Protein chains: 2
Amino acid sequence: MHRCQPPDAVVWPQNVEQVSQLAALCYSQGMPIIPFGTGTGLEGGVCAVQGGVCFNLTHMDRILALNTEDFSVVVEPGVTRKALNTHLRDSGLWFPVDPGADASLCGMAATGASGTNAVRYGTIRDNVLNLEVVLPGGQLLHTAGQGRHYRKSAAGYNLTGLFVGSEGTLGLITAATLRLHPAPETTVAATCAFPSVQAAVDSTVHILQAAVPVARIEFLDEVMMDACNRHSKLDCRVAPTLFLEFHGSEQALGEQVQRTEEITQSNGAFHFSWAKEAEERSQLWAARHNAWYAALALRPGCKGYATDVCVPISRLPEILVQAKEDLKASGLTGTIVGHVGDGNFHCILLVDPEDTEELRRVEAFAQQLGRRALALHGTCTGEHGIGLGKRQLLQEEVGAVGIETMRQLKATLDPRGLMNPGKVL
Amino acid sequence: MHRCQPPDAVVWPQNVEQVSQLAALCYSQGMPIIPFGTGTGLEGGVCAVQGGVCFNLTHMDRILALNTEDFSVVVEPGVTRKALNTHLRDSGLWFPVDPGADASLCGMAATGASGTNAVRYGTIRDNVLNLEVVLPGGQLLHTAGQGRHYRKSAAGYNLTGLFVGSEGTLGLITAATLRLHPAPETTVAATCAFPSVQAAVDSTVHILQAAVPVARIEFLDEVMMDACNRHSKLDCRVAPTLFLEFHGSEQALGEQVQRTEEITQSNGAFHFSWAKEAEERSQLWAARHNAWYAALALRPGCKGYATDVCVPISRLPEILVQAKEDLKASGLTGTIVGHVGDGNFHCILLVDPEDTEELRRVEAFAQQLGRRALALHGTCTGEHGIGLGKRQLLQEEVGAVGIETMRQLKATLDPRGLMNPGKVL
């Protein structure tokens, strides 16, 4: 939804040496550098707001090393999460971080992505072991040392963690070493409808407190559920709903299912529906993954604008009620869907791109939602990033000293301010 | 073992305002600032190598906030992990990161500690949500924004991650917001002896590949096992041994136990011994936790010198064999014990502190072990930190660009170089 501004030029480097040489050239000439993976980010991270050179890294698409015994893999920026999981198919391993879009893994590292599996497997932040980064001047940095793929370290400053989520403003990620996980032995899914948002969130907290290792636990408000029913030909009750998925052995799943059902029933769930067969399960999660398109179908011809926030789980009912009231007051059409186990949710707003007044209301709603999250000790973005649109919210979130510290780090690593300028800070 | 150098003065601030005022005063006067928690670090992190003022933070020992529904707690620097877990006793939650010593939690954050539970619950790095930090000049930074305790965020640079593991060289941690976990419903422990290191490590890899959610998986070499038998009155076979612990429901544990036993047997385990009763289990883990004293008892009158490294798990057999050969060649007495699920292990070396030549051999062994880990794509320290003794190894580990990047970050946040000088870089 961010008005895209094209760069002055696009380059398609074939290898890290070319990235390094091109970056050095751009930097010496004072040209902005904009890294590009799949362009699936939602906060305008690839807009060339000051012109410059777009580095399209999709031609670098090799899987450089797979260490199954060490549960690690090294990928170039053109490798997407689906491509990686296809490659891993017979290895007994998988990469679980799943933001929905088939994003490039290095791009996911750059934006700090996460998605539906984070409640069990962590976000991309928890699953990056090492990054190869071309610094703005062309120097090559291995954030954890060249070729290293250990599981933990206490050696020096956490450079890997600094570059994850830096949205291309500190350097170009040219390879990522990722942590892999054992592929789930068995998977079952379920849906569960509740009389209220509070009941759905209470169930989530109780499931987590009971240490049920739920793999996905997604919340859909009744508007989203209705849209998914229509778009994906489901027959779910139109009510606040949880979509759940469990991974484990047959035996372990039996117990997880039983405990979860008990917890949701004690919280007044209307109906619990298990999808054990692969086909039924696929249909359910296809519906969840197609929530975006289901929302779009609510107002044909309109575009979607997705915004996300994250709050402490206990504050979810409060903010969800507020968000729905704000939606109503603003006269906007929107659905709510989210990763309730993390306290993270999205509003998908439908907007007529020709209607500047409506666009203004959408942007005002997103800002207000961000401020509501901040007031509840949350963050203005759980996984989409700051990009262009949330820079003011970031200032409010981390305060003057926090912003000043971030600005100092940026000035240290990118003294000329040419790496993806206009983003984050 | 690092020759301790006392500071010129010690202050005991009572609150964050005093820390801030004292830091500003020291900084303006050019006095080094050395943060002190419990002093249980192993790499000389609290030595005042350039004199200055030691900030003993143990009087700030309040638990400031506990949010059970959000699985989070805020602690001051004087709160140790045992004190926190005592406080949590009736909450159904616990804080699992356990480096052995009853360290201060903020100190654990400063050094990037981990320990026996990291294979399941992550290191301290994975369990810090926010830090309150007094910057060298006295300014107060909340790394994730004041009062925030969300589970994930994509908002700006990861300042929390930068301060975790910075060993007091970037600022003073005056409060930490930590992530809590559900207390285990049931716990069982086991020991298992193997004919070789390879068989023990292979079992570990297979257990992880089978997605058995093992809570602890510790390796003891035969020297360590022998020492523990004597010191803790155990009757275990003197062989390479795994100590295991599982957390879960009764039913889940039954399956975990069975799978693990099958895997170890298929790798030629000699003997599998389950400790299901609390008393038996306590005895076992008390023995593991007393490994340090058991090792010391091997050479009465000597002191212990512990060094740690971490390698990709598949390289563990190789480096363990090398380490044992190096020990033999050097004529030193030492035991090996470690967190095999992370590829992390310790050598505990016995040394006569009056024997400078022996001390020299111990230091040479530790450097050699670090280099062996680096050659196998590992890190020179998995959890003890760089401190004084591993600065050269850090340079070799991250390379010239990595070190230069770390130096730039240090110079940005501590331009006068007064925060815990002489450490890390």
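The values are calculated or read from the model by the stated rules, or taken from the named source; none is laboratory data. Everything numeric here is computed off the predicted structure, so don't read it as measured data. Positions of Cβ are generated from backbone atoms using ideal geometry, with glycine treated the same way; all protein chains shown enter the neighbour counts.
Each residue in region A:201-248 was checked for being at negative phi and within 13 Å of chain B (Cβ to nearest Cβ), and 17 pass. Within region B:202-230, the residues that satisfy the criterion of being over 24 Å from B:Glu325 (Cα atoms) and in contact with a Lys or Arg (Cβ under 7 Å, 6 or more places away or on another chain) are B:Ala210, B:Val212, B:Pro213, B:Val214, B:Ala215.
Those helices (runs of 4 or more DSSP H) of region B:307-425 in which at least 2 residues are within 11 Å of chain A (Cβ to nearest Cβ) and without any contact (Cβ under 8 Å) to a residue 24 or more places away in the chain, considering only elements entirely within it, cover B:356-375, B:391-413.
For region A:382-399, filtered to residues that are over 15 Å from B:Tyr157 (Cβ atoms) and small (Gly, Ala, Ser), the residue that is modelled with the lowest pLDDT is A:Gly389.
Return yes when B:Val351 is touching a helix residue (DSSP H, G or I) at 6+ places or on another chain (Cβ under 9 Å), within 20 Å of B:Met225 (Cα to Cα) and hydrophobic (A, V, I, L, M, F, W, C) and no when it is not.
Numbers: touching a helix residue (DSSP H, G or I) at 6+ places or on another chain (Cβ under 9 Å): yes; within 20 Å of B:Met225 (Cα to Cα): yes; hydrophobic (A, V, I, L, M, F, W, C): yes.
So B:Val351 passes the test.
As a summary of the residue check, B:Leu178 satisfies the conditions (1) within 7 Å of another protein chain (Cβ to nearest Cβ); (2) crowded, with 24+ Cβ neighbours inside 10 Å; (3) at negative phi except for the one numbered (1). Scanning region B:379-405 for residues that are closer than 25 Å to B:Pro7 by Cβ and buried (at least 22 other Cβ atoms within 10 Å of the Cβ) yields a total of 8.
Of all residues assigned to region A:340-352, at least one qualifies as being surrounded by fewer than 18 Cβ atoms within 10 Å (Cβ to Cβ) and not assigned by the TED database to the domain that holds A:Gly41.
Only a single criterion out of (1) modelled with pLDDT under 95; (2) closer than 23 Å to A:Val340 by Cα; (3) surrounded by fewer than 22 Cβ atoms within 10 Å (Cβ to Cβ) is not satisfied by A:Pro195, namely (1).
Conditions tested, residue by residue: (1) more than 22 Å from A:Val16 (Cβ to Cβ); (2) more than 11 Å from every other protein chain (Cβ to nearest Cβ).
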residue	(1), (2)
A:Gly107	no, yes
A:Thr123	yes, no
A:Ser166	no, no
A:Thr169	no, no
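Mind checking whether some residue in region A:223-244 is among the small types (Gly, Ala, Ser), surrounded by fewer than 24 Cβ atoms within 10 Å (Cβ to Cβ) and at pLDDT 95 or above? Yes, there is a match, as at least one residue in region A:223-244 is among the small types (Gly, Ala, Ser), surrounded by fewer than 24 Cβ atoms within 10 Å (Cβ to Cβ) and at pLDDT 95 or above. When the residues of region A:78-91 are filtered to those that are within 14 Å of another protein chain (Cβ to nearest Cβ) and at pLDDT 95 or above, the one that is nearest to A:Leu220 (Cα to Cα) is A:Leu88. Total residues in region A:84-101 satisfying the condition of being closer than 17 Å to A:Asn127 by Cα and touching a strand residue (DSSP E or B) at 6+ places or on another chain (Cβ under 9 Å): the figure is 9.
Right, A:Thr111: facing chain B (nearest Cβ under 7 Å), out of contact with any His (no Cβ under 6 Å at 6 or more places or on another chain) and either within 25 Å of B:Ala109 (Cβ to Cβ) or at pLDDT 95 or above (or both) or not?
So A:Thr111 fits the description; yes.
When B:Thr116, B:Thr169 are checked against the criterion of being closer than 30 Å to B:Gln283 by Cβ and touching a Lys or Arg at 6+ places or on another chain (Cβ under 6 Å), B:Thr116 stands alone in meeting it.
Taken as a whole, the condition of being among the β-branched types (Val, Ile, Thr) and modelled with pLDDT under 95 applies to A:Val205.
When A:Ala295 is tested against (1) touching an Asp or Glu at 6+ places or on another chain (Cβ under 7 Å); (2) part of a helix (DSSP H, G or I), just one condition goes unmet, and that condition is (1). Here is a list of conditions, (1) buried (at least 19 other Cβ atoms within 10 Å of the Cβ); (2) under 30 Å from B:Leu393 (Cα atoms), and B:Val49 meets all of them except one; can you say which number that is? Exception for B:Val49: condition (1).
With respect to the stated conditions, B:Gly304 is part of a strand (DSSP E or B), at negative phi and either among the small types (Gly, Ala, Ser) or surrounded by fewer than 16 Cβ atoms within 10 Å (Cβ to Cβ) (or both). Selection of region B:47-77 for residues being free of Cβ contacts under 8 Å to residues at least 60 places away in the same chain, closer than 28 Å to B:Gln146 by Cα, away from chain A (no Cβ under 14 Å) and not basic (Lys, Arg) yields B:Val53, B:Cys54, B:Asn56, B:Thr58, B:His59, B:Asp61, B:Ile63. Filtered by the rule that a residue be part of a helix (DSSP H, G or I), touching a residue at least 40 places away in the same chain (Cβ under 8 Å) and among the polar types (S, T, N, Q), region B:236-265 gives B:Gln256, B:Thr260, B:Thr264.
Results for (1) surrounded by fewer than 24 Cβ atoms within 10 Å (Cβ to Cβ); (2) more than 24 Å from the chain's Cα centre (by Cα); (3) at positive phi; (4) assigned by the TED database to the domain that holds B:Pro213, shown as yes or no for each residue.
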position	(1), (2), (3), (4)
B:Ala101	yes, no, no, no
B:Cys106	no, no, no, no
B:Thr111	no, no, no, no
B:Ser114	no, no, no, no
B:Val133	no, no, no, no
B:Leu140	yes, yes, no, no
B:Thr143	no, no, no, no
B:Gly156	no, yes, yes, no
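Taken over region B:10-43, the residue count meeting the criterion of being of a type in the set (A, V, I, L, M) and more than 23 Å from B:Ser104 (Cα to Cα) is 3. Scanning region A:250-270 for residues that are more than 14 Å from chain B (Cβ to nearest Cβ) and either among the basic types (Lys, Arg) or surrounded by fewer than 19 Cβ atoms within 10 Å (Cβ to Cβ) (or both) yields A:Glu261, A:Gln265, A:Ser266, A:Gly268, A:Phe270.
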